[in-house]
Amino acid sequence: KGISALRGAFRDPVLVVLGTVVALELAYTTALGMLTAPNDDDALAYHLPRAAFWLQEHAIGYIDQGEDVRLNAFPPGGEILTAFTLATSGGDRFAALPNLVAVVVIAVGVYGIGRRIGLDPRRALFGALLTPLFPVVALHAQSTLNDLPLAALVVAATALLLRRSETDLALAAA
């Protein structure tokens, strides 16, 4: 039922155009994130060094040699995902991957939230397709900043909480 309703929503020409724009934006963002080196101040002074220091020390903890106060001021968060990509790939080529995955998770979560609050598939899909096009989402998707993975967790938890089954409540709490 859900898949056929989603297919029916894609018969709307507005959603087809919007879906095409989102697909192109995600392709461009993926290429930008994977084929260019991180070059923004936050990535170079805080997010990537923090992950690299943790890998160097084989632990997520206090960084003695850090010059930037942010390296130790905030609790570990999205940089853990960045450290994972650094460790598994041997470099920073895939450092933007957590953000790219988060964009997809956020869009799917927005669709799920829309359906759970009573929107028809067309309206829920419209909201889900608009979300990756918001400037802050589009600009962060190719970066190593950690806002989108956090937002993905919040959106996923909200979608699960709206279902109110015991399994979904347990997943949302996790």
Worksheet item: Assuming R0 = 35 Å, what is the FRET efficiency of Ile3 and Glu25, from their Cβ-Cβ distance, to the nearest 0.05?
Response: 0.90
Worksheet item: Among residues other than Ile117 whose Cβ falls under 12 Å from its Cβ, what is the net charge (Lys/Arg +1, Asp/Glu -1)?
Response: +3
Worksheet item: Taking a spot 7 Å from the Cα of Leu133 along the direction of its beta carbon, which residues of region 1-44 have an amide N less than 16 Å from it?
Response: 10-29
Fill in: Cβ-based charge dipole, the chain, positive-most Cα from Val101, Met34, Ala51
Val101
Item to complete: Using a 1.4 angstrom probe, figure out how much accessible area region 1-102 has per residue, in square angstrom, rounded to the nearest whole.
Response: 60
Worksheet item: How much of the accessible area of the chain, in percent, comes from carbon and sulfur atoms when a 1.4 Å probe is used?
Response: 67
Item to complete: Express in whole angstrom the spacing between the alpha-carbon centres of region 91-132 and region 1-34.
Response: 11
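Apply the a/c threshold of 1.5 to the C-alpha gyration tensor of region 81-174 and tell me whether it is rounded, prolate or oblate. Let's see the in-between values first.
On the way: a/c = 3.27, a/b = 1.53, b/c = 2.13.
Oblate is the answer for region 81-174, as a/c is 1.5 or above yet b/c matches or exceeds a/b.
The values are calculated or read from the model by the stated rules, or taken from the named source; none is laboratory data. Predicted model, so just to flag it, every value in this text is computed and none were measured. A quick note on method: Cβ atoms are made from the backbone with ideal geometry, for glycine too, and the neighbour counts reach across all protein chains shown. The area values use the complete protein model at the heavy-atom level, side chains included, leaving out ligands, DNA and RNA. Shrake-Rupley method; radii C 1.70, N 1.55, O 1.52, S 1.80 Å.
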